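Step one of this worksheet: look at the structure below.
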Amino acid sequence: VIGVGPDSAAALLIAAGDNPERLASEASFAALCGVSPVGQSSGKTQRRRLNRGGNRQANAALYRIIVTRLRRDARTRLYLERRTREGMSKREIIRCLKRYVAREIYRQIQPASALTASPSAA
């Protein structure tokens, strides 16, 4: 996965490894990392913000991955430009990108967690 260094990968794997019972789906991994969206509205404005709960080290690792991607990955820069033209703030765009990265990471670690769960079930 682009932008994932050894420190970020270690933080995410530690968060996932410490909580195998919470990894039932991609959404549960996102909540574990603190990147699940929470509705936030005031008056006419309907927005979402990041969940303030979850593993803070995993959330910081996702942020470092996003910063690296914004500097080096053309697809991420194009996404930033497109969403900025749509009227989103940079903070909201980073929230969306964190969720996308959490989804990618979950797909990478999910088969490994499924393999470790099956021998213990027998």
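Derivation of every value follows stated rules applied to the coordinates shown; laboratory data play no part. This structure is a prediction, so every number in the text was calculated from the model and none was measured. Here the Cβ positions follow ideal geometry from the backbone for every residue, glycine too, while neighbour counts run over all protein chains shown.
Remark: pairs (first residue in segment 67-80, surrounded by 11 or more Cβ atoms within 10 Å (Cβ to Cβ); second residue hydroxyl-bearing (Ser, Thr, Tyr); Cβ separation under 8 Å; 6+ apart in sequence or on different chains) = 69/76; 70/76. Screening residue 104 with (1) without any contact (Cβ under 8 Å) to a residue 24 or more places away in the chain; (2) closer than 19 Å to residue 31 by Cβ gives one miss only, at (1).
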